[in-house]
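Here's the structure, in structure tokens; my notes come after.
The values are calculated or read from the model by the stated rules, or taken from the named source; none is laboratory data. Only a predicted model underlies this, so the values are computations on that prediction, with no experimental measurement involved. Note that each Cβ is placed from the backbone with ideal geometry, even for glycine, and that neighbours are counted across all protein chains shown.
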Amino acid sequence: MVILFRAILGLALPCSMVPCAVAQSTDESGLSREYTIKAAYLHNFARYVQWRAETFRNDQDPFVIGVLGSDPLGDDLDRIAQTKQVDAHKIVVRRFPSLDQFRPCHILFVPRSVEPQRQVETIGRLRNSPVLLIGETPGFAERGGTINFFIEQNKVRFEINQQAAKRAGLKISAKLLSLAKLVSEDDGSRER
Amino acid sequence: MSRLFTTPTSRLVCWTVAGAGALLFLAPCPAAAQPPSSAETPAAEPGTGQAGQKGILDLDVEQLSKVDVLVPSMDVEVTSVAKQESTVGRSPAAVFVITQEMVRRSGATSIPEVLRMVPGLDVARINSNSWAVASRGFNDLYANKLLVLIDGRSVYTPLFSGVDWDTQDVLLEDIERIEVVRGPGGTLWGANAVNGVINVITKQAKDTQGLLVTSGGGSEDLTISGVRYGGQNDQGLSWRAYGKHFERGPGFDPAGAADDWRVGRGGFRVDWEADPWKCNTFTVQGDYYGGNEGKTRVQPIPTPPFSRRVVDDEDLAGAYVLTRWTHTFDEDSDWELQAYFDQLYRAYDLLREDLTTFDVEFQHRFPLGERQQLIWGVGCRQNRFGLAPDGYVLDYIPPKQTKGLFSVFVQDEIKLIEDRLYFTVGSKFEQNDYTGFEYQPSGRLLWTPDRKHSAWGAISRAVRTPSYFDFYGRMTLPRQTVTGVPFPVFPRLTGNPLFRSEDLLAYEIGYRTQASKRFAWDLATFLNVYEHVQTASLGVPFIDPYGNVVAPFPINNEIRGQTYGAEVVGYWTMSDTWQFSASYTFLEIQMHRFPSSTYVQEELIEGGSPHNQVCFRSSWDLSNDWEFDLGLRYVDSLPTLQVPDYITMDIRLAWVPSESFELAIVAQNLLDTHHLEYGAHRYNILASNTEVQRGVFAKATWRY
């Protein structure tokens with residue numbers, strides 16, 4: 001009897017928290033670390049890519065990472081912003097629910113939840129701007145995005161469109177290029 | 001026989017083993033042709049939650065390209081099952097891996113407390129400084145069927161056959177993982193791994209760089225302190241040095257508890273990768289500890305009232321040095337030479353114990369043809385006993401002796417169907433100074449229909465060889481009535497040089513699966529058939545020099561029996577921030593003594609381990625900075641020891657604002673002010689039991 005009472009007492013505590021915890025977990029991630037890895041990649045891209053000098057007014061200007069639409073990177077991106085820097089520039093994260101609210105940023109991440117129409121529109125709008133466009137939808141790089149994530153053999157990989165980078169005035173380091181799949185615009189051909 | 005290993009011949013054998021290893025060093029290192037191809041992925045651990053992700057955020061772009069997106073529980077690394085790197089999913093054994101993250105979030109401050117989460121293990125705290133830990137039955141202060149190793153060094157004491165859990169300790173932050181294999185491990189690990197092997201593996205020096213300081217205290221763990229510093233150079237040399245100290249308070253005893261204790265410990269580890277392709281790696285590590293602990297005992301005395309309660313202080317000290325040399329040819333073949341020297345000292349009113357161990361081991365693994373992976377090894381160990389017993393309660397005749405052990409093992413993993421069916425067969429052969437020749441064969445079958453399921457079965461034989469006490473010891477118990485004598489006598493457990501090894505034939509089957517992205521479970525079942533288990537029978541009573549009647553009970557092997565049971569554990573990952581697991585352990589023991597045996601041992605064994613145990617653990621990352629962990633466990637009663645069943649809960653709340661600081665508050669054994677985990681037993685003359693009290697402590701950790 002006493003055991004039963006203690007058991008109920010012992011289970012009451014975790015049970016009272018179950019509804020809250022379950023409500024939080026609306027995502028499909030399970031044991032997946034996909035977005036943690038992508039957040040880490042964003043920071044790495046910032047380190048291995050050079051923007052034109054005029055994208056920073058001065059040394060105190062922050063490095064801005066923007067996310068379009070509903071942000072799947074969440075806490076991991078915030079953590080990067082809190083703990084990392086890019087060449088002595090602090091990192092600031094801006095989230096734009098829609099393209100209309102867009103303000104200048106160095107990196108714009110376009111999640112796959114953004115409708116294909118909007119993605120194309122975004123690429124078109126920012127074609128010549130000094131923004132590193134990063135997506136995670138097949139075809140993003142061929143359509144003019146600079147970098148696109150894809151998953152191969154349970155690892156996060158990325159492809160780079162060098163022409164798009166050139167248009168945006170971005171210099172990509174050889175190290176990053178060596179790890180990427182290189183993609184040409186429009187014709188969809190792939191080469192290593 | 002017993003003189004074989006004290007002669008120069010035995011030393012020659014030991015050094016030949018070492019020399020053979022050195023010859024193999026001359027073999028060219030093909031790895032020099034190409035740089036190592038294997039990636040440096042962060043450890044794939046289920047349920048790493050926030051902290052694992054913090055690790056990923058620090059990785060460089062090259063490393064990121066090698067990180068697994070989906071981390072199934074079957075891919076957790078394990079080395080104890082096959083003495084080589086493998087994964088849980090590919091291990092034909094009941095294995096459970098405790099990762100560093102699980103250690104950190106359990107709030108445990110000592111190794112036995114960490115082991116509570118393992119299904120199939122029975123951990124009972126006898127008093128503040130003593131634990132009874134066993135796998136699949138036969139638990140007591142000197143539970144003798146579980147082999148425990150720390151970094152390859154056996155910490156199983158040959159004096160009483162068991163583990164002195166009060167002196168086996170490491171800086172918990174240095175633990176890489178603890179692999180627990182339930183079931184016989186005799187084939188690879190040797191005698192005494194009858195019901196399981198626990199392998200505590202500490203991190204390499206290169207993974208413990210910088211400064212770490214921990215400090216805390218509370219109501220039961222009165223003080224907790226630790227410091228560790230690690231460094232490295234460009235030539236592949238990395239090292240660490242650490243120190244730790246704790247003071248723990250007594251348990252609860254209405255008659256007054258005196259089991260408080262304190263231990264200080266310091267150690268080091270040096271790893272050297274002699275060349276960039278890790279062709280040769282060397283490790284040297286060692287530590288030193290000293291402390292004292294209080295004990296209450298109920299001891300027999302020759303004059304009325306014939307027993308007394310003694311409050312005593314025990315002094316403990318010890319040191320070890322271990323060296324290891326690994327030579328790697330390629331991914332599938334390497335050899336390893338290991339030698340260690342271990343010194344142990346313990347002194348209390350009944351005994352002063354000096355135990356020196358010297359051990360040399362060599363193992364070599366290589367592929368044989370297309371389908372086979374072979375591993376073989378030789379080993380040689382010497383235990384030097386120096387004992388000064390009180391002579392009345394405890395005695396050892398002779399008190400000083402050296403015992404040796406020589407062993408050879410071989411195991412072959414045969415690929416019957418690529419990626420589907422594997423058969424592993426092997427055996428260990430030992431020549432020891434007690435019983436001579438012993439053999440421990442085993443056969444294991446592993447079926448992996450795909451990456452998500454694996455099933456396995458095994459048949460193995462394992463032996464528990466005699467301890468020094470079994471042969472040469474004498475323990476007088478308080479005056480009591482025994483069956484067969486009409487008046488109260490002093491029973492005296494007496495060693496017997498004719499005592500033979502206990503043996504086990506085990507049949508095991510298990511199944512594990514990563515059922516979905518969120519849920520994995522693991523089932524292990526067993527049937528163990530024991531022969532020649534230790535018991536004692538009434539000898540001829542006689543009158544001792546004090547005029548008292550002593551009833552000798554020479555130790556013999558006149559009890560046998562079976563145990564069977566099942567252990568099932570499930571893991572749920574509800575989200576990136578919340579994981580929990582639940583396990584259930586069932587055990588049934590049936591022992592039968594020979595009619596001639598008069599010591600009523602079978603009920604003691606049958607009622608000395610719980611029939612059912614349930615464990616629930618939850619790890620929840622409340623936010624970026626806050627962690628909340630919960631552990632709940634139910635342990636069934638021990639009827640013959642008069643220990644009722646209990647249920648208890650531990651909670652940990654931690655604030656982790658950055659990677660360099662953590663503040664944790666841990667509350668343990670919350671559901672009762674105090675509860676009993678172990679009861680009256682003949683070993684009460686060595687250590688009386690107290691109850692485990694509710695307690696809380698806080699601990700801060702800084703890393704630079």
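The set of residues in region B:295-317 that are free of Cβ contacts under 8 Å to residues at least 60 places away in the same chain and more than 30 Å from B:A551 (Cα to Cα) comprises B:D315, B:A317. As for region B:445-465, it holds at least one residue that is surrounded by 19 or more Cβ atoms within 10 Å (Cβ to Cβ) and in a loop (DSSP other than H, G, I, E, B). Of the strands (runs of 3 or more DSSP E) entirely within region A:102-190, those holding at least 1 residues that are of a type outside the set (S, T, N, Q), under 24 Å from A:I37 (Cα atoms) and more than 17 Å from the chain's Cα centre (by Cα) occupy A:147-152, A:181-183. Could you list, in sequence order, all residues of region B:255-306 that are among the aliphatic types (A, V, I, L, M), under 25 Å from B:T167 (Cβ atoms) and at pLDDT below 95? Result: B:A257, B:A258, B:V298. Residues in region A:134-160 that are aliphatic (A, V, I, L, M) and under 15 Å from A:L176 (Cα atoms): A:I134, A:I147, A:V156, A:I160.
If you go through region B:75-97 and keep only what is surrounded by fewer than 21 Cβ atoms within 10 Å (Cβ to Cβ) and of a type in the set (A, V, I, L, M), you end up with nothing. So for region A:19-27 (the condition being under 20 Å from the mean Cα position of the chain (by Cα), modelled with pLDDT of 60 or more and surrounded by 12 or more Cβ atoms within 10 Å (Cβ to Cβ)), does at least one residue qualify? Taking every residue of region A:19-27 in turn, none turns out to be under 20 Å from the mean Cα position of the chain (by Cα), modelled with pLDDT of 60 or more and surrounded by 12 or more Cβ atoms within 10 Å (Cβ to Cβ). Does any residue of region B:182-190 turn out to be part of a strand (DSSP E or B), surrounded by 20 or more Cβ atoms within 10 Å (Cβ to Cβ) and in contact (Cβ under 8 Å) with a residue 12 or more places away in the chain? Taking every residue of region B:182-190 in turn, at least one turns out to be part of a strand (DSSP E or B), surrounded by 20 or more Cβ atoms within 10 Å (Cβ to Cβ) and in contact (Cβ under 8 Å) with a residue 12 or more places away in the chain. Residues that are under 26 Å from the mean Cα position of the chain (by Cα), away from chain A (no Cβ under 12 Å) and among the β-branched types (V, I, T) within region B:639-678 comprise B:T640, B:V643, B:V666, listed in sequence order.
For A:V156, the conditions (1) touching a helix residue (DSSP H, G or I) at 6+ places or on another chain (Cβ under 7 Å); (2) touching a residue at least 24 places away in the same chain (Cβ under 8 Å); (3) away from every other protein chain (no Cβ under 11 Å) all hold with the exception of (3).
Scan region B:210-232 for residues that are over 26 Å from the mean Cα position of the chain (by Cα) and under 17 Å from B:G251 (Cβ atoms) and jot them down. Hits for region B:210-232 are B:G218, B:S219.
The number of residues in region B:431-441 that are within 23 Å of the chain's Cα centre (by Cα) and either surrounded by 23 or more Cβ atoms within 10 Å (Cβ to Cβ) or within 21 Å of B:Y472 (Cα to Cα) (or both) comes to 3. The selection criterion, being of a type in the set (K, R), over 30 Å from B:D522 (Cβ atoms) and touching a residue at least 60 places away in the same chain (Cβ under 8 Å), holds for B:R474. Among the residues examined, B:E677 qualifies as surrounded by 21 or more Cβ atoms within 10 Å (Cβ to Cβ) and touching a residue at least 40 places away in the same chain (Cβ under 8 Å). Please specify each residue of region A:59-101 satisfying the condition of being farther than 19 Å from A:E121 by Cα, more than 12 Å from every other protein chain (Cβ to nearest Cβ) and assigned to a loop (DSSP other than H, G, I, E, B). Matches in region A:59-101: A:D59, A:Q60, A:D61, A:P62, A:D87, A:A88.
Being touching a Leu at 6+ places or on another chain (Cβ under 7 Å), free of Cβ contacts under 8 Å to residues at least 40 places away in the same chain, among the aliphatic types (A, V, I, L, M) and away from every other protein chain (no Cβ under 14 Å) is a description that applies to A:L133. Restricted to region B:184-208, and to residues there that are of a type in the set (G, A, S) and at pLDDT 85 or above, the residue that is nearest to the chain's Cα centre (by Cα) is B:G196. When the strands (runs of 3 or more DSSP E) confined to region B:266-348 are screened for residues that are over 29 Å from the mean Cα position of the chain (by Cα) and within 30 Å of B:F252 (Cβ to Cβ), those reaching at least 1 such residues are found at B:280-300, B:307-330.
Among the residues of region B:599-618, is any under 30 Å from A:T83 (Cβ atoms), in contact (Cβ under 8 Å) with a residue 24 or more places away in the chain and not charged (D, E, K, R)? Yes - at least one qualifying residue is present in region B:599-618. Applying the condition of being touching a His at 6+ places or on another chain (Cβ under 8 Å) and over 22 Å from B:G190 (Cα atoms) to region B:481-513 and asking which residue is farthest from the other protein chains (Cβ to nearest Cβ) yields B:Y511. Determine whether region B:62-78 contains at least one residue that is assigned to a strand (DSSP E or B) and within 14 Å of another protein chain (Cβ to nearest Cβ). The answer is yes; a qualifying residue exists.
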